[in-house]
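Below is one structure; the comments refer to it alone.
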Amino acid sequence: MGGFFGATSRRNCILDVFFGTDYHSHLGTRRGGMAAWDKDVGMQREIHNIQNSPFRTKFEGILDEMTGTAAIGCISDTDPQPILIRSRLGVYAICTVGIINNAEELIKTHLTYSGGHFDSMTGGRVNSNELIAAIIDQKDNFADGIRFAQDMIQGTASILIMKDGGHLIAARDKMGRLPIVIEKNEDGYAVTFEDYAGQKLGYEVVRELGPGEIVEISPEGVEQLAPPRKDMKICAFLWSYYGYPTACYEGKNVEVMRYRNGRIMAKADKENNVAQDIDYVAGVPDSGTPHAIGYANESGVPFARPFIKYTPTWPRSFMPANQSERNMVAKMKQIPVDELIRDKKLLFVDDSVVRGTQLRETVEFLYEHGAKDVHIRSACPPILYGCKFLNFSRSNSENELIARATILELEGEEGLNHLDEYMDGNTERGKKMRQAICQKLHFASLEYQTLDGILEAIGLPKDQVCTYCWNGKG
């Protein structure tokens, strides 16, 4: 995943972009970068590895290194960015969020067409931002180039460009899977993935870009370079997992959605008369917690935190590059509250159940500390497809996804012809899959939010939300 923030202003805006970018740190853990433009200095750029140290600590002296009335910043889980480009369209900085599934094909096509070359990274890979820039530069202007690039890319690409001269160009991906918000203060404008990032800095929301919309932004105003496309498929995981609680996408707040989602799951359990003898409802921290609060409020069962994450030194268990180290960190930072676990019947809500590895370890940890029962609720439907748009739930093989792996164990390839039945917990196949996962991961019971339930919680029309991970319809 990843996120970006940019500003163009009548004053030095480096601090705005530093703090605005930092507010996107929950979206990625690999690299952070900033680029700036100043009329005297020109283009500047800094990129740092943030795998073991957050963006803030790597860039906290940025005022001594950069100055400018325009700047862009990016948190990235992929390639180093922003990068600086000099081309027929001029000098500019570019950063992107998304994924290119046909990168090798595009590289070969471009090299054949242009006879040029790319800077090669370790393993021969090409920086995705450089590839996108190369495609953009085949056209005579940024708007035509961006549209051309987005049509060529199989995947997703939201783009933020800073031109020599200090203007910004922002382009939301063509299906609107990710958000881009334009905000304004008395000195200029900001572009952000997360709306609250600019609001905390004194900017007011002007509007969200539509799918595929392209705008050019200066301190004086916003000019539309290309209108929105007709269809939108915004990612549902922005609400259930990725998004920060204070964020709003398409006018729908993340925290409020999660409370509503939990309430819907609690109503379903009550109607089906399952897991009604519970001592405490809890969330798998952190993103599962608000779903659990909604569940507890609706069910009347007290909300509790039977274990606490020790986060001062390792705030996120997926930060280490080594898998065994990640697993060890995940284990070490869970500190139990004995009185809330021993001899208690617990129901935990998680934002999703992808492969189940860490969730199984969490449940075993609870049983080791005396839990009587541990019921699990997933705040979204079973994940049956690896995401091909935003990197979420991507695996070496879709068969690593625990729902799909369990289906194959139950009836082999034939089971893949009945995925709709497996998604539905009221069918025989759906019940067998849930029972098999319970046995494998030692759950007392398992249920998933329904597709209709999560769409109700989000509050957008079904045809505007991407649900590919669950039903293969993107």
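The values are calculated or read from the model by the stated rules, or taken from the named source; none is laboratory data. Being a predicted model, the structure only gives us computed values, none of them experimental. Every residue, glycine as well, gets a Cβ built from its backbone with ideal geometry; the counts of neighbours run over all protein chains shown.
Listing for the model above:
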| item | result |
| --- | --- |
| Residue within the range 35-46 that is surrounded by fewer than 24 Cβ atoms within 10 Å (Cβ to Cβ), touching a residue at least 60 places away in the same chain (Cβ under 8 Å), more than 30 Å from Glu220 (Cβ to Cβ) and assigned by TED's automatic domain parsing to the domain that holds Tyr203 present | no |
| Residue match in the range 1-15 (condition: modelled with pLDDT of 95 or more, β-branched (Val, Ile, Thr) and within 23 Å of the chain's Cα centre (by Cα)) | no |
| Flag if Leu84 is out of contact with any Asp or Glu (no Cβ under 6 Å at 6 or more places or on another chain) and over 29 Å from Asp151 (Cα atoms) | no |
| Filter result for the condition that a residue is surrounded by fewer than 24 Cβ atoms within 10 Å (Cβ to Cβ), in the same structural domain as Asp119 (by TED's automatic domain parsing) and closer than 25 Å to Phe389 by Cα, over Thr57, Thr67, Thr78 | Thr78 |
| Tally, over the range 205-225, of residues that are closer than 15 Å to Gly6 by Cα and in contact with a Lys or Arg (Cβ under 6 Å, 6 or more places away or on another chain) | 3 |
| Selection from the range 245-263 of residues that are surrounded by 17 or more Cβ atoms within 10 Å (Cβ to Cβ) and small (Gly, Ala, Ser) | Ala247, Gly262 |
| The range 266-283, subset within 31 Å of the chain's Cα centre (by Cα) and assigned to a helix (DSSP H, G or I), residue surrounded by the most Cβ atoms within 10 Å (Cβ to Cβ) | Ala266 |
| Condition met for Gly98 (touching a Ser or Thr at 6+ places or on another chain (Cβ under 9 Å), in the same structural domain as Leu15 (by TED's automatic domain parsing), at pLDDT 90 or above and at positive phi) | yes |
| Pair list, Cβ < 8 Å and 6+ apart or interchain, from the range 352-363 residues that are aromatic (Phe, Trp, Tyr) to residues that are at pLDDT below 90 | none |
| Wholly enclosed strands (runs of 3 or more DSSP E) of the range 131-244 bearing at least 3 residues surrounded by fewer than 20 Cβ atoms within 10 Å (Cβ to Cβ) | 204-208, 221-226 |
| Within the range 367-474, helices (runs of 4 or more DSSP H) holding 1 or more residues that are among the β-branched types (Val, Ile, Thr), in contact (Cβ under 8 Å) with a residue 12 or more places away in the chain and surrounded by 14 or more Cβ atoms within 10 Å (Cβ to Cβ) | 402-411, 428-441, 451-458 |
| Failed criterion for Thr29 (all others in (1) within 19 Å of Leu178 (Cα to Cα); (2) modelled with pLDDT of 95 or more hold) | (2) |
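Listed here are the residues, each with its yes/no results for (1) touching a Leu at 6+ places or on another chain (Cβ under 9 Å); (2) closer than 27 Å to Asn273 by Cα; (3) in the same structural domain as Ala103 (by TED's automatic domain parsing).
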position: Ile376; (1), (2), (3): yes, yes, no
position: Lys388; (1), (2), (3): no, no, no
position: Leu401; (1), (2), (3): yes, no, no
position: Gly430; (1), (2), (3): no, yes, no
position: His442; (1), (2), (3): no, yes, no
